[in-house]
Amino acid sequence: MIHVTVYRNEKEQCVGFRTVGHAGYGYSGQDIVCAAVSVLTINTVNSIEAFSDDKTSLLTDEGKGLVDFRMKENPGKEAALLLNAMLLGLNEIAGDENYEKYIDLTYEEV
């Protein structure tokens, strides 16, 4: 199972996330749930780096399926939009009866 923790500030803005684990939906290299979560999260990180001036921190471990991404300050307009787009996708996966048992999506105030 992929565990996704979304970090939110007191204003309920997404200020980062942590993913860890592998879905176990399919064989390695053929797991569409892992692929979907990976694309959403990695593209978000890359897009924030490319299209915003926000300062961030990133810790990864491919073997553990770990991505820990945090905004160093409240996100600007571009970063907030990108993070919300990622959340839309993750919520769609977590809410789909075919995939919900492969992803655990929680929110944590930081």
Discussion item. Among the residues in the stretch 78-89, are any open to solvent by 90 Å² or more (accessible area, probe 1.4 Å) and over 27 Å from residue 31 (Cβ atoms)?
Written reply: yes
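Looking at this structure, is residue 106 β-branched (Val, Ile, Thr) and buried (at least 18 other Cβ atoms within 10 Å of the Cβ)?
Judged against the criteria, residue 106 is not a match.
Report yes if residue 59 is modelled with pLDDT of 95 or more, outside any loop (DSSP other than H, G, I, E, B) and either open to solvent by less than 20 Å² (accessible area, probe 1.4 Å) or at positive phi (or both), otherwise no.
Spelling it out, it is not the case that residue 59 is modelled with pLDDT of 95 or more, outside any loop (DSSP other than H, G, I, E, B) and either open to solvent by less than 20 Å² (accessible area, probe 1.4 Å) or at positive phi (or both).
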Fill in: Selection status of residue 38, of a type in the set (S, T, N, Q), more than 18 Å from residue 5 (Cα to Cα), open to solvent by less than 80 Å² (accessible area, probe 1.4 Å) and assigned to a helix (DSSP H, G or I)
no
Practice prompt. Any residue in the stretch 82-100 that's assigned to a helix (DSSP H, G or I): show its pairings with residues that are open to solvent by 70 Å² or more (accessible area, probe 1.4 Å) at Cβ separation under 9 Å, as long as the two are six or more apart or on different chains.
Written response: 82/43; 82/51; 86/43; 89/39; 93/100; 94/100
Discussion item. Name the single residue that is most open to solvent (accessible area, probe 1.4 Å) among those in the stretch 8-34 being in a strand (DSSP E or B) and over 18 Å from residue 92 (Cα atoms).
Written reply: 8
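The values are calculated or read from the model by the stated rules, or taken from the named source; none is laboratory data. Predicted model only: the values in this text are computed from it and were never measured. Glycine gets a Cβ as well: all are built from the backbone with ideal geometry, and neighbour counts include every protein chain shown. Side chains are part of the model used for accessible areas, which takes the heavy atoms of the whole protein and leaves out ligands, DNA and RNA. Shrake-Rupley method; radii C 1.70, N 1.55, O 1.52, S 1.80 Å.
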